[in-house]
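Input: a single structure, listed below in structure tokens.
What follows draws every value from the coordinates through simple rules; no lab data is involved. No experiment lies behind these values; they were computed from the predicted model shown. Cβ sites come from the backbone with ideal geometry, for glycine too, and all protein chains shown count toward neighbours.
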Amino acid sequence: MANYVERVIEQCKKNNPGEVEFHQTVEEVLTSLKPVVEKHPEYEASALLERLVEPERGVTFRVVWVDDAGKVQVNKGYRYQFSSAIGPYKGGLRFAPNVYPGIIKFLGFEQIFKNSLTGLPIGGGKGGSDFDPNGKSDAEVMRFCQAFMTELYRHIGANTDVPAGDLGVGAREIGYLFGQYKRIVDKYEGVLTGKGIPYGGLLGRAEATGFGIVWYAEEMLKANGEDFKGKNVAISGFGNVAWGTAWKLWELGAKCVTISGPDGYIYDPDGITTQEKVDYLLELRGSGKNICAPYAEKFPNAKFFAGKKPWGVFQDTGCKIDMFIPCAMQNDVHMEHAKQIVEGGCKFYCEGANMPTTNDALEYLVENMIAVGPAKAANAGGVACSCIEMGQNAGHTAFQHQAVYDQLHQIMKNIYSACAKAGETYYGDKNALVPGANIAGFERVANAMMAQGLV
């Protein structure tokens, strides 16, 4: 059976040449599934893994729009619908210049297991474009989004595929996309999540990913006799995920001492422990400059380290970190960074962004730390609340903040329990959360696939 897993990995690489991010996640997930697959020879007989790594549908399309100077621009658009075994396809849209099929497939494949872990009825998918919204006017973004949706609309629907936001797709973009969908199909339905509150959005959705990460990490600590009170936590990024993470860490008594951007990282010895500082993260992101250096100008006790990453904060400042939470982007933490983290004496690591750690670095951290929380589990709070938004739209009602927080907190507790249980069952360790998340997410999808036949 181990050979079966390896054959599928190699065939996937052969069928998707050059798509290194997709290869990375397939290898990481499938390798950890070996003990499950060994117990179920029927999976090989039905080519279950081969079907799992192949999207049910993938569309690539041209997006033509006109910029403010009157020049015609052409971008590529994508939507990969990976799995509808447990519900309609669900996953965000990413607008960034580095978007290509390998990025979208990696995100879509991860989404299968993340969505399964929530326990909610949502399948896995992802989409996006190589369009860069940074520096574009509102009018340019609107024209692009309208052109993008004019191609995408025929492949999505409230019970078929429900996209959301992701990197480069925030409230502005979702609004324009929704408006164009509504205009084309003449239906007011919950076809997108992350919408504005006046037109069907969910209270608490903006902070949901960050809150969920911290609640998952809190369960990691509790399982090992600890909590967040008085802990120093280092995070990367300063966008939506980092904002929600810093906010909830402060509420739980921890001190978030770093944020980062493409320009370097901030070390704040006082921590992001006031409402003013939490709110300033939103101001930084809203500036559109994509730099974090102004934080040190706003709060003089903080120090900016140009061109560096926060993984070396112990070496740079002597501040001992109790937990690292990468919240920026994929493959942000490499082996050299993992070694810096371990050398600083940190014992807990929880992934906030999608696949922020290279496979070799992740393996090194697992071997040298008490517990490592994987992204597909810890990061699931955002999509969990997206599904709650789908339910809100379908029921033509509106949930209040506390009702959303209560549902999300329980979902994150359930996700942690499922990961720990699977880790204990198959690896003999409640802290084997990385393979545990893959297994717990996989088992639900596999059971549904087997029940539905060869489709």
Expected 222 nm ellipticity per residue - DSSP helices of 4 or more, -39500 (n - 2.57), all of the chain, to 500:
-15500 deg cm²/dmol
In nm, give the distance between the simple-model label positions of ILE197 and ASP279, each being 7 Å from the Cα along the Cα-to-Cβ direction.
1.5
Taking the Cβ of VAL191 as the center, what net charge do the other residues with Cβ under 14 Å away carry, scoring Lys and Arg +1 and Asp and Glu -1?
+3
Quick calc of log₁₀ I(q)/I(0), the stretch 369-435, Debye, one scatterer on every Cα, no solvent, q values 0.13, 0.27, 0.29 1/Å, result -0.45, -1.11, -1.21
Cα-derived Rg to Rh of the stretch 206-373, Kirkwood definition
0.93
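Which shape class, rounded, prolate or oblate, goes with the stretch 231-275 when its Cα gyration tensor gives a ≥ b ≥ c as root eigenvalues, a/c under 1.5 marks rounded, and past that a/b bigger than b/c marks prolate? Mind showing how you got there, number by number?
Values: a/c = 2.18, a/b = 1.40, b/c = 1.55.
Cα axes put the stretch 231-275 in the oblate bin.
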Net charge near TYR176 (other residues with Cβ under 13 Å of its Cβ; Lys, Arg +1; Asp, Glu -1) is +3
Farthest toward positive dipole pole in the chain [+1 Lys/Arg, -1 Asp/Glu at C-beta], among HIS40, ASN134, GLY200:
GLY200
Table column - 3J(HN,Hα) (Hz), the stretch 225-240, Karplus curve with 6.51, -1.76, 1.60, x for Gly and Pro
x, 10, 8, 7, 4, x, 7, 8, 10, 10, 10, 10, x, 8, x, 4
Using the Cα atoms of the stretch 103-200, I'd like the radius of gyration and the largest Cα-Cα distance, Dmax, both in angstrom.
13.6, 40
Estimated FRET transfer efficiency (GLN402, LYS13; beta-carbon r; R0 51 Å; 0.05)
0.60
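Can you give the Rg to Rh ratio of the stretch 1-107, both from alpha-carbon atoms, with Rh computed by the Kirkwood formula?
Details: Rg = 17.2 Å, Rh = 15.8 Å.
Rounded to two decimals, Rg/Rh equals 1.09.
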Relative contact order of the chain, please, whole-number percent, based on alpha carbon pairs below 8 angstrom and at least 6 residues apart.
15
Near the amide H of GLU351, under 5 Å away, which other amide H atoms are found, from residues 5 or more places off or on another chain, if H is placed in the peptide plane?
GLY373, ALA375
3J(HN,Hα) from dihedral phi, the stretch 37-43, Karplus parametrisation 6.51/-1.76/1.60, rounded to Hz, x for glycine, proline:
5, 4, 7, 10, x, 5, 5
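Counting Lys and Arg as +1 and Asp and Glu as -1, what is the net charge of the other residues whose Cβ lies under 10 Å from the Cβ of LYS347?
On the way: positive: none; negative: GLU226, ASP322.
Net charge in that neighbourhood comes out at -2.
If the chain between ARG62 and ILE370 were fully stretched, how many nm would it gain, using 0.36 nm times the residue separation less the Cα-Cα distance? The partial results should precede the final answer.
Details: separation 308, 0.36 × 308 = 110.88 nm, distance 4.75 nm.
Full extension of this stretch gives 106.1 nm more.
Take the Cα gyration tensor of the stretch 2-189, multiply each eigenvalue by 5, square-root it, and list the three semi-axes largest first, rounded to whole angstrom. Can you show the working numbers first?
Working: eigenvalues 227, 65, 30 Å².
That gives 34, 18, 12 Å for the three semi-axes.
Can you tell me the relative contact order of the stretch 2-189? Whole percent, Cα pairs under 8 Å, sequence separation 6 or more. Display every interim value, and only then the final one.
Values: 316 pairs, mean separation 39.6, N = 188.
Relative contact order for the stretch 2-189 comes out at 21 percent.
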Calculated log₁₀ intensity ratio I(q)/I(0) where the Debye formula runs over C-alpha points of the stretch 333-376, q = 0.15, 0.31 Å⁻¹:
-0.29, -1.25
Search the structure for amide H atoms under 5 Å from the amide H of ASN331, placed 1.01 Å from N in the peptide plane, and list their residues when 5 or more places away or on another chain.
THR357
Viscosity 1.306 mPa s, temperature 10 °C: what is the translational diffusion coefficient of the chain from Stokes-Einstein with a Kirkwood Rh over Cα pairs, rounded to a whole number of µm²/s?
72
The stretch 316-455 pair-distance distribution - Cα-Cα, 5 Å bins, rounded %:
2, 9, 15, 18, 17, 15, 11, 7, 4, 2, 0, 0
